[in-house]
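Asks: Just dropping this structure here.
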Amino acid sequence: MRKSFLILATCAVTLLAAASPMYAHHAWQLDRSKMVTLKGTVTKFDFGNPHVHIFMQTKDENGNTSNWDAGGPSPNQLSRVGWTRDTVKPGDEITVAGYRNRDGSSVLRFDSMTLASGQVLAGYAGRR
């Protein structure tokens, strides 16, 4: 009886420990009070699981540069709305719109991306 309890308790602790990174991973801490729009140059495009990331460099009105990480849904979800591994590449000029992390870091969860051609591709748009 005691051995069964220890095995059950060990399994429960292991499952909880494995689940906590998942919660942190999916708990975007967004400032939803203001949509942010960034225009810049792609420095890296990671079309990998669990989430797609567009790394980009932006310039403000004074010419100061900032590096941003714009995170999106999974490659599978984006593939359903027209994205591919080759949608963007380093050097492409794009505009992303989304919500910035509440901590003020240069991290954005993007709702949409607009290519230089004017084509708009959905990210998290319409999702909460």
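The values are calculated or read from the model by the stated rules, or taken from the named source; none is laboratory data. Note that this is a predicted model, so its numbers are computed, not measured. Heavy atoms of the whole protein, side chains included, go into the accessibility calculation; ligands, DNA and RNA do not. Shrake-Rupley method; radii C 1.70, N 1.55, O 1.52, S 1.80 Å.
Asks: If Rh is defined by the Kirkwood formula over all Cα pairs and Rg also comes from Cα, what ratio Rg/Rh do you get for the stretch 38-128?
Replies: For the stretch 38-128, the value is 0.94.
Asks: Per residue of the stretch 107-116, what does 6.51 cos²θ - 1.76 cosθ + 1.60 with θ = phi - 60° give for ³J(HN,Hα)? Whole Hz please, x for Gly and Pro, Karplus curve as stated.
Replies: 10, 10, 9, 8, 8, 7, 9, 10, 7, 4
Asks: Taking the Cα centre of each part, how many Å lie between the stretch 65-94 and the stretch 45-62?
Replies: The distance from the Cα centre of the stretch 65-94 to that of the stretch 45-62 comes to 7 Å.
Asks: With a 1.4 Å probe and every protein chain left in place, work out the accessible area per residue of the stretch 41-128 in Å², rounded to a whole number. If you can, show how the numbers build up before the last one.
Replies: Details: 4740 Å² over 88 residues.
On a per-residue basis, 54 Å².
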